Every structure is written in structure tokens, then in C-alpha cells.
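The values are calculated or read from the model by the stated rules, or taken from the named source; none is laboratory data. Since the model is a prediction, treat every value here as computed from it, not as a measurement. Here the Cβ positions follow ideal geometry from the backbone for every residue, glycine too, while neighbour counts run over all protein chains shown.
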Amino acid sequence: MEISLAHPALKAFMCGALSGTCSTLLFQPLDLIKTRLQTLQSSVQPGSVRIGMMRVLLNVVQTERLTGLWKGASPSFMRTIPGVGLYFSTYHSLKQQFFQEKNPGALGAVLLGGGARTVAGVLMLPVTVIKTRYECGRYRYESVTGALRSVCRTEGPAALYSGMMATLLRDVPFSGIYVMFYSQMKTNLPTEIHMSAFAPLANFSCGVMAGVSASLVTQPADVVKTLVQVNPQLRTIDAVRYIYLEHGLQGFFRGAVPRSLRRTMMAAMAWTVYEQMMAYIGLKS
């Protein structure tokens, strides 16, 4: 089937999948460092020497070689490529259904981004759980499919949905806030920029600013999500209580720098590639 003959939602899926492939390949090391920082937190006693990004980076390179920074890349690809595709196809379908040719306002952008992320997040959660376990270094799975079978056999299928509440509390607000800031900033750009060769750079810059804001707001939920998925016996409320009692409020911002860098750059790149591809095939994003 030629792409020109495909359904608009399928075109949006293909553009989103391509953008997800590019961003995942580039920024997987930041995700691994973020996960290691958050899981190390649970075994470090209060008052101990702080473990930072560079220490984790050097440790991974020394013990697992440079390629170790891409550990978890296979579940990341299995999650991100269809996940970003689902996100953008759902976003495109919702926008066409409820807004037609109009640009959504701030509230509409929040609902669009949050709705699209809810669909993609729930459908891809089992792979997200496996991805988190791969990256933390505690589990020794040989393949993604093997990991899925192992979890179902030893812990039950419900374990593949551990941390769903924390994941949605992280991803839905992130996407809603991101789309709101991104769309509003783009709307306020001069028309000359939209029509110039600098449009992709301008879109990317808007994405970076939107990503930083959204990442900081949703960082506490990300820390809780990681702890629950690595320790599925924990309930979300128990994880929140543990982090606060053991590490205080600062514990909820562990791994904020690598996550903000990764999420911001990934989202900015994904949206830039997506919009350029949609324009190339003649669809309005």
C-alpha cells in the first residue's frame, strides 16, 4: 500500500513511528542513567554520599562497556515505535474529530495531549514495565518476549500493569502540559518564521521549552513509577510514603536532570520530525 493512499490516521502513525525511532536511538542512554539513579536511591541510606549522573555514567561504561548505555534499547524500541505512532495517530484522529480545521485553545490542547497519551500509555504499559526492569540492572532477561513470559509465569499478568496509576499520573499531565505550551508558543510565532527555512528550528525550540516545563511538573510521578515497576509488591501509595520517609521531598526529584534532558529532547525531536513528515505527505498536523 502506498503511503499516499493510506488512511490519514495510518499516515500519522507512520510519521510518529519514524520520529520515535530517531529519538529513542539518540536518547536511550539518558533514560538508562535516569532509571539507575532512581533505583539506586532505594538502596542508599540518608546521609550517604550522593550518587550523581557522571558517577552512574562512568560506572556503566566501566562495567558494561559503552554499549551498556543502550541496555534496554530493544524494549524501548518495542515500546516507543508503536507507542509514539499510536500517540500521534490518536492525537490526529481526536483533533480531526473535535476541532476539524480550528486550532485548539489551551484547554483543548491539554485534553488532546492527555487523551492521546492515555490510549498509548495503557496499551504499551507491559513493554514499559519490561523496559524499566531491563534498565535498572537487577533483572537478567534474555529477550523482551522471554521477559514477558517470565513475568506472566512467575508473578502473574497483573505484574505487567504495575505502576499503571503512577505512569498515567506522569504521562498524561506531561503530554497535556507539553501540547498546551508547544501549541500556544507555535501559534504566537510570526508568520514569516512559519513560512521560512527556519520553521523546523523554531518548532524544535518551542518543543524544548515546553518539554522542560512538563518534565519538572511530572518528575515526582516518574520516580514513584520506577520504584513500583522494579518492586511490583509495592503499591503506589506505599512507594510515595517510602520515598518521602527515607529521602524527603528531594527524593521525588531523583533523576530529574537526565529525564528532563531526554524527555525534552525526545519530545521536541518527535514533534519536529512528525510535523515535517506530515507536511511532506500533505496532511495538517
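In this entry, residue 145 is excluded by the filter for residues that are among the β-branched types (Val, Ile, Thr) and in contact (Cβ under 8 Å) with a residue 24 or more places away in the chain. Pull up the stretch 85-101, narrow it to residues that are loosely packed, with under 14 Cβ neighbours inside 10 Å and not polar (S, T, N, Q), then point me to the one that is farthest from residue 272 (Cα to Cα). Selected residue: 98. The set of residues in the stretch 25-39 being out of contact with any Pro (no Cβ under 9 Å at 6 or more places or on another chain), in contact (Cβ under 8 Å) with a residue 60 or more places away in the chain and under 15 Å from residue 81 (Cβ atoms) consists of 26, 27. Per the listing 104, 75, 82, the residue uniquely surrounded by 16 or more Cβ atoms within 10 Å (Cβ to Cβ), of a type outside the set (Ser, Thr, Tyr), in contact (Cβ under 8 Å) with a residue 24 or more places away in the chain and assigned to a loop (DSSP other than H, G, I, E, B) is 104.
Against the condition charged (D, E, K, R) and surrounded by fewer than 14 Cβ atoms within 10 Å (Cβ to Cβ), how does residue 117 come out, does it pass? No, not satisfied.
Might you let me know whether the stretch 125-143 holds any residue that is under 13 Å from the mean Cα position of the chain (by Cα), at pLDDT 85 or above, within 23 Å of residue 98 (Cα to Cα) and of a type in the set (Ser, Thr, Tyr)? The answer is no; no qualifying residue exists.
Is at least one residue of the stretch 220-237 over 21 Å from residue 127 (Cβ atoms), of a type in the set (Ser, Thr, Tyr) and touching a residue at least 12 places away in the same chain (Cβ under 8 Å)? Within the stretch 220-237, none of the residues are over 21 Å from residue 127 (Cβ atoms), of a type in the set (Ser, Thr, Tyr) and touching a residue at least 12 places away in the same chain (Cβ under 8 Å).
Within the stretch 211-233, if we keep just the residues that are of a type outside the set (A, V, I, L, M), more than 19 Å from residue 261 (Cα to Cα) and crowded, with 18+ Cβ neighbours inside 10 Å, the residue that is modelled with the highest pLDDT turns out to be 229.
Looking at 221, 159, just one residue is more than 19 Å from the chain's Cα centre (by Cα), within 29 Å of residue 244 (Cβ to Cβ) and not charged (D, E, K, R), and that residue is 159. Residue under question is residue 246, and the condition is that it be part of a helix (DSSP H, G or I), more than 23 Å from the chain's Cα centre (by Cα) and touching a residue at least 24 places away in the same chain (Cβ under 8 Å); does it hold? When the stated conditions are applied, residue 246 passes them.
Screening residue 91 against (1) free of Cβ contacts under 8 Å to residues at least 24 places away in the same chain; (2) closer than 23 Å to residue 18 by Cα leaves a single unmet condition, (1). Among residues of the stretch 171-185 that are more than 19 Å from residue 265 (Cβ to Cβ) and outside any helix (DSSP H, G or I), none has a Cβ under 9 angstrom from a residue that is at pLDDT 90 or above and among the small types (Gly, Ala, Ser) at a sequence gap of 6+ or on a separate chain.
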